[in-house]
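The values are calculated or read from the model by the stated rules, or taken from the named source; none is laboratory data. Being a predicted model, the structure only gives us computed values, none of them experimental. Here the Cβ positions follow ideal geometry from the backbone for every residue, glycine too, while neighbour counts run over all protein chains shown. Accessible surface areas use protein heavy atoms only, side chains included; no ligands, DNA or RNA. Shrake-Rupley method; radii C 1.70, N 1.55, O 1.52, S 1.80 Å.
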Amino acid sequence: MTELRLSYQTVEFGKTDIHLCTLRNTQEFHDPENIAENLGISSASWPLFGVLWPSSLVLAHFMADFETGTKRILEVGCGIGLSSLLLNKQQADITATDYHPEVNGFLQRNAKLNNDRAIPFEQSDWVNCDDSLGLFDVIIGSDLLYEDAHVDLLARFIDRHAKAHCEVIIVDPGRGRKNKLKQRMENFGFTAAQHKPPHTDYLEKAFKGHILSFVRGEPDKPDQAAE
């Protein structure tokens, strides 16, 4: 049986270290029972989940300073799950989801590698309306829009899992579909904004993309104490 070649690295967020076991590179492939193939995942796209991408780093650095409080957070298309691992380390209420059948194994392996609790995970695609994920206060993701069809699927998936008041944070590396996503999200009642990450000195190359933010509804106000 072919063994996957792995790589280990540590990503620093101030004084917080996140240890990662990833695929060695994007040439790795192992699908002996054709599980991924039967899900429509080709051999070329199979390894993409298992390496650390610049957009994932940008998202994680943004979330490192995000005020999570008691908010329920979902990472969509988490891949190797760097942001989920960081939020888990910070004791945030984080759930992860991805379509790839190998993601959960790596996610839980890395949670254990960081001496943290297991991360709630559900394998789901954006078409499935029968998942058990529920509703979230915050939905995050990075580098999700590889094809035009993904825009509508992602927007609908987010709408299904967003609470009445929800904040969505998507890091887009510049694949030319952010304006289409903005339009679809506005159709679902979200207000859109975008900005460049404030610093990306942790990346090897300049980041050409944006952090996209979408907000819908007003936050719940605490009950007024009776006089």
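Among L181, L113, L74, the residue with the largest mean-square fluctuation in a Gaussian network model of the chain, with springs joining Cα atoms closer than 10 Å, is L113.
The mean accessible area for residues of the chain, using a 1.4 Å probe and ignoring ligands and nucleic acids, is 53 Å² per residue.
Shown for the chain: lysine pairs separated by 8 or more places, or found on different chains, whose C-alpha atoms are under 17 Å apart, numbering 11. Shape of the stretch 84-227 from its Cα gyration tensor (a ≥ b ≥ c, root eigenvalues): rounded if a/c is under 1.5, otherwise prolate when a/b > b/c, or oblate? Rounded is the answer for the stretch 84-227, as its axis ratio a/c remains below 1.5.
Ranking L203, S142, L85 by how far each Cα lies toward the positive end of the dipole of the stretch 80-217 (charges on Cβ) leaves L203 at the top.
Scanning residues 5 or more positions from T95 or on other chains, those with amide H under 5 Å from its amide H are I73, L74, E75, with H placed 1.01 Å from N in the peptide plane. Using the alpha carbons alone, the radius of gyration of the stretch 39-133 stands to its Kirkwood radius in an Rg to Rh ratio of 0.95. Among the trypsin sites (Lys or Arg not before Pro) in the stretch 103-136, those placed in a DSSP loop whose Cβ has at most 12 other Cβ atoms within 10 Å are R117. Rounded to the nearest 500, the helix-only mean residue ellipticity at 222 nm of the chain stands at -7500 deg cm²/dmol, with each DSSP H run of n ≥ 4 adding -39,500 (n - 2.57). Close amide H contacts of F13 (hydrogens built in the peptide plane, cut-off under 5 Å, sequence separation of 5 or more or a different chain): I18. Within the listed set I35, I158, I139, the Gaussian network model of the chain (springs between alpha-carbon atoms below 10 Å) gives the highest mean-square fluctuation for I35.
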